[in-house]
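K.L.:
Structure provided below as structure tokens; questions to follow.
The values are calculated or read from the model by the stated rules, or taken from the named source; none is laboratory data. Fair warning: this is a prediction, and the values are worked out from it, not measured in the lab. As a convention, Cβ positions derive from the backbone with ideal geometry for all residues, glycine included, and neighbour counts pool all protein chains shown. These area figures cover heavy atoms from the full protein model, side chains too; ligands, DNA and RNA do not enter into them. Shrake-Rupley method; radii C 1.70, N 1.55, O 1.52, S 1.80 Å.
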Amino acid sequence: MSANENRKTACAGESCIQSRRRFLLGAGATLLAPGVLLTARPALADEAGRQRWGLLIDTRKCVGDCTACVDACAATNGLTDNGRPATDAQWIRKVQVTDPGTGHVAHMPIMCQHCGNAQCVEVCPTGASLKRADGIVLVDKHLCIGCRYCVMACPFKARGFTHEEVKEPSPISPRGKGSAEGCNMCVQRISKGQLPACVEACARSGHEAILFGDLNDPTSLIAKRVVAFGAAALRADLRTDPSVRYVGVNL
Amino acid sequence: MKYVTYRRILFSRRALIGLVICALATLAGLLATWHIESNGHYVTGMSNAVPWGLSLAMATFCIVAASGALNVASIASVFGKQDYKPFSRLSCLLALALLAGGLFALLIDLGRPDQIFTALTHFNFTSVFAVNILIYTGFFIIVGLYGIVMLAAPQGGIVRPFGVASFLWRLIMTTGTGSVFGVLAGRGGMHSAIMPPLFIALSLSLGLAVFVLVLAGLEYSGQRQARLDAASGRIRGLLATLIAVSFYMVLALNLIGIASPAQRGYEAFVLCTGGVYPLLFWGGYLALGTVLPLILLLAPPFRGSRVCLLLAALATAVGGMALMYVLTIAPQAYPADIFPGMLVQGNPLYTGPASYVPTIGELLVGLTGFGLAGLIVLLAARLIPLLPLAEQED
């Protein structure tokens with residue numbers, strides 16, 4: 001299997017971990033052929049805009065009392081619990097949504113929706129809030145002035161603010177007191193050929209409720225499932241065109 | 001031909017007390033900033049649900065009032081009303097001082113005030129914030145030139161073009177400031193095309209009210225020549241008109257919200273169920289900031305009273321601050337409607353109104369804007385002849 005094929009199936013029908021293993025094997029083969037960079041893996045993310053990375057969340061598989069994705073996100077990105085829920089960093093939040101008409105209950109994580117028309121990017125005065133060509137929305141901490149207009153503008157309340165000193169900084173996720181922050185889809189892990197931490201943790205917990213992949217590739221599993229299940233976007237009426245889609249809930 | 005002579009203020013005991021109060025307010029704000037910036041914003045009442053707090057509302061008040069403080073100069077230069085002309089210099093200075101104070105408060109409210117040069121060198125032009133930085137800079141330049149021309153050629157016809165440019169620019173500036181609160185599609189209460197005209201109307205009433213209070217303050221400090229009473233008749237009528245115009249815009253904002261099914265929840269929150277917000281809206285803005293000043297300005301028993309004019313101006317300013325608080329905080333406290341029509345549980349950010357209780361530190365940061373503006377006015381009025389003496393025949 002080529003690396004290209006693996007890009008299409010980052011979390012396949014069986015196990016995300018197995019998919020990842022296959023991906024890494026494929027990536028290794030691709031690299032070994034030219035005989036250079038034996039230890040390096042090709043980046044899943046390139047900035048030429050060929051991909052649009054996204055997440056598909058199957059709320060039918062998401063379990064209410066499971067916090068695997070939240071915990072993995074916190075551990076990977078150095079999000080310390082200071083015992084102050086209103087100001088502590090939380091890049092993924094779990095909610096339970098009940099349809100009062102039918103009584104249907106769905107559990108789901110909410111994180112940065114990596115919108116195609118990202119409001120946070122539009123309102124940021126310095127361009128610190130940016131969208132990469134591969135669709136990932138993140139904050140350039142060198143340019144952020146801490147005005148918090150992006151936090152105000154996010155319709156999903158997914159963008160946060162670093163309210164205090166970062167006690168245990170993560171080597172792969174720069175954060176800084178006084179700056180805006182939010183889910184960056186584990187861009188550093190993706191660039192190393194790994195899956196986002198939440199996707200990996202969800203698969204490890206046995207739920208496989210989060211699928212990661214390239215929405216732009218019609219042959220990728222995520223793109224096929226988005227079409228097959230009619231995956232919905234949060235607040236589609238706002239036309240923000242999120243890269244995170246949900247299945248199994250009437251949005 | 002009548003002409004006006006101006007004089008510098010003297011530092012009387014009262015003026016010095018005013019100067020010390022303004023300096024202490026500025027200093028206290030800087031100390032509060034040091035406390036907040038060194039610990040992090042968690043020591044404030046702000047949170048991820050309410051990222052903009054009292055200090056930003058107060059800074060916005062200053063910026064909005066800055067635009068309106070130029071009313072008096074505009075009426076004289078643009079609309080040719082000679083009664084207002086003696087106050088044009090002070091009007092111009094107060095506009096610049098309030099803008100400087102408001103922007104300074106905004107700066108020290110940032111998460112990273114040390115990044116100010118980034119804000120001044122990196123512009124994302126889809127951001128109304130970035131555009132506003134240029135507009136505010138333009139205001140300093142245009143109104144600054146207007147003031148210089150007034151000082152250099154008080155009788156010259158050259159003043160009018162600068163007055164017209166300043167008038168137009170301040171409309172642009174308040175449009176920009178109002179747009180900050182009107183372009184957020186995902187936040188109920190902050191997505192309305194009526195915000196910019198509402199802010200223009202508010203700037204007119206609040207700016208004039210602040211101007212009246214500053215003029216009275218200068219008189220109280222011993223500068224009797226300021227002659228507020230000479231123009232109080234016209235100012236009274238103008239202030240009442242502007243308060244009514246502001247009320248009309250606020251009424252329109254809320255009626256449009258009530259008419260829109262998607263906005264009805266927010267309107268119910270801000271007008272009825274939202275706790276402190278309805279209280280501030282009905283009691284602070286409507287009763288104290290609109291009805292009371294209109295009575296004080298227009299009811300026959302109070303019409304000729306200087307005290308009533310000052311009380312009306314004070315009530316207008318306090319009520320305007322209450323409205324600014326509601327316009328800034330209530331849309332944040334109202335829960336995000338990510339799942340319309342659904343019952344959401346599990347995380348406080350999505351499940352109910354967010355709590356926000358401002359801290360003393362935030363209040364002090366906000367007061368810095370007023371303190372700095374006061375310092376600028378007092379020091380500039382000491383150095384530059386700004387206040388009019390009695391008119392004389394040439």
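K.L.:
Evaluate peptide B:30-38: per residue, the Cβ atoms of other protein chains within 10 Å of its Cβ; return the mean as an integer.
P.N.:
1
K.L.:
Right, next: So if R0 is 56 Å, what FRET efficiency would B:R14 and A:A228 give, r being the distance between their Cβ atoms, rounded to the nearest 0.05? The partial results should precede the final answer.
P.N.:
Details: r = 78 Å, r/R0 = 1.39.
About 0.10, to the nearest 0.05.
K.L.:
Using a 1.4 Å probe over the heavy atoms of the protein chains, calculate the carbon and sulfur portion of the accessible area of segment A:194-251 as a whole percent.
P.N.:
Roughly 49 percent of what the probe reaches on segment A:194-251 is carbon or sulfur.
K.L.:
So how far apart, in nm, are the two label points at B:L120 and B:I141 if each is 7 Å from Cα heading toward Cβ?
P.N.:
1.4 nm
K.L.:
Non-local amide H neighbours of A:V244 (under 5 Å, H modeled in plane, Pro and chain starts lacking H): which ones?
P.N.:
Placed amide hydrogens put A:L55 under 5 Å from A:V244.
K.L.:
Roughly how crowded by other chains is peptide B:110-119, in terms of the mean Cβ count from those chains within 10 Å of each of its Cβ atoms? It would help to have the intermediate numbers written out before the result.
P.N.:
On the way: counts 6, 14, 10, 3, 3, 10, 1, 1, 8, 6.
Per residue, the number of nearby Cβ atoms from other chains is 6 on average.
K.L.:
Roughly how crowded by other chains is peptide A:91-100, in terms of the mean Cβ count from those chains within 10 Å of each of its Cβ atoms?
P.N.:
Per-residue shielding by partner chains comes out at 5.
K.L.:
Follow-up question, since we're still on this one. Put +1 on the Cβ of each Lys and Arg and -1 on the Cβ of each Asp and Glu in segment B:1-149; which of B:I17, B:A97, B:L30 then has its Cα farthest toward the positive end of the dipole?
P.N.:
The Cα lying farthest towards the positive end belongs to B:I17.
K.L.:
Tell me the carbon and sulfur percent of the accessible area for chain B, rounded to whole percent, probe radius 1.4 Å. Don't skip to the answer; put the middle values down first.
P.N.:
Details: 11080 of 15320 Å².
Reported share for carbon and sulfur atoms: 72 percent.
K.L.:
Continuing with this model, one more query. So what is the accessible area of segment B:92-199 per residue, in Å², with the probe set to 1.4 Å?
P.N.:
Details: 4030 Å² over 108 residues.
I get 37 Å² per residue for this part.
K.L.:
Right, next: How charged is the neighbourhood of B:T44? Take every other residue with its Cβ under 10 Å from the Cβ of B:T44, and add Lys/Arg as +1 and Asp/Glu as -1.
P.N.:
-2
K.L.:
From the square roots a ≥ b ≥ c of the eigenvalues of the alpha-carbon gyration tensor of segment A:118-188, which class results: rounded (a/c under 1.5), prolate (a/b over b/c), or oblate?
P.N.:
oblate
K.L.:
Another question about this same structure. With +1 on the Cβ of every Lys and Arg and -1 on the Cβ of every Asp and Glu, and nothing else charged, how large is the dipole of segment B:78-210 about its Cα centre, in debye rounded to the nearest 20? Before the final figure, lay out each step's value.
P.N.:
Details: 7 positive and 3 negative charges, 54 e Å.
Computed charge dipole of segment B:78-210: roughly 260 debye.
K.L.:
Determine the per residue accessible area of segment B:280-320 with all protein chains present and a 1.4 angstrom probe, expressed in square angstrom.
P.N.:
Ligands and nucleic acids excluded, the figure is 44 Å² per residue.
K.L.:
Give me the distance in nm between label points sitting 7 Å out from Cα along the Cα-to-Cβ direction at B:R234 and B:L363, one decimal.
P.N.:
3.9 nm
K.L.:
Given charges of +1 on the Cβ of Lys and Arg and -1 on the Cβ of Asp and Glu, with all other atoms neutral, how large is the dipole of the protein assembly as shown about its Cα centre, in debye to the nearest 20?
P.N.:
700 debye
K.L.:
While we're on this one: Starting from the Cα gyration tensor of segment B:274-394, take the square roots of the eigenvalues, sort them a ≥ b ≥ c, and report rounded, prolate or oblate (rounded when a/c is under 1.5, otherwise prolate if a/b is larger than b/c, else oblate).
P.N.:
Oblate shape, in that a/c is at least 1.5 and b/c is the bigger or equal ratio.
K.L.:
Once you have a ≥ b ≥ c as the square roots of the Cα gyration tensor eigenvalues for segment A:69-222, tell me rounded if a/c is under 1.5, and otherwise prolate or oblate according to whether a/b is larger than b/c.
P.N.:
rounded
K.L.:
Something else: Nearest 500 deg cm²/dmol is fine: what mean residue ellipticity at 222 nm does the protein assembly as shown get from its DSSP H runs of n ≥ 4 alone, each adding -39,500 (n - 2.57), divided by its residue count?
P.N.:
So the calculated ellipticity at 222 nm is -16000 deg cm²/dmol.
K.L.:
Ordered by residue, what ³J(HN,Hα) values in Hz, to whole numbers, does segment A:58-64 give under the Karplus form 6.51 cos²θ - 1.76 cosθ + 1.60, where θ = phi - 60° and Gly and Pro are x?
P.N.:
Here the 3J(HN,Hα) series is 8, 5, 5, 9, 6, 9, x Hz.
K.L.:
Right, something else. Nearest 100 Å², what total accessible surface is buried between chain A and chain B (probe 1.4 Å)? Don't skip to the answer; put the middle values down first.
P.N.:
Working: alone 12090 and 17490 Å², together 25200 Å².
Chains A and B together bury approximately 4400 Å².
K.L.:
Next up: Measure up A:K141/A:K177; A:K61/A:K131; A:K94/A:K157; A:K61/A:K224; A:K131/A:K192; A:K141/A:K167 against 21 Å on the Cα-Cα distance and list the ones that go over. Don't skip to the answer; put the middle values down first.
P.N.:
Numbers: A:K141/A:K177 10 Å; A:K61/A:K131 29 Å; A:K94/A:K157 13 Å; A:K61/A:K224 18 Å; A:K131/A:K192 19 Å; A:K141/A:K167 17 Å.
Beyond 21 Å between Cα atoms: A:K61/A:K131.
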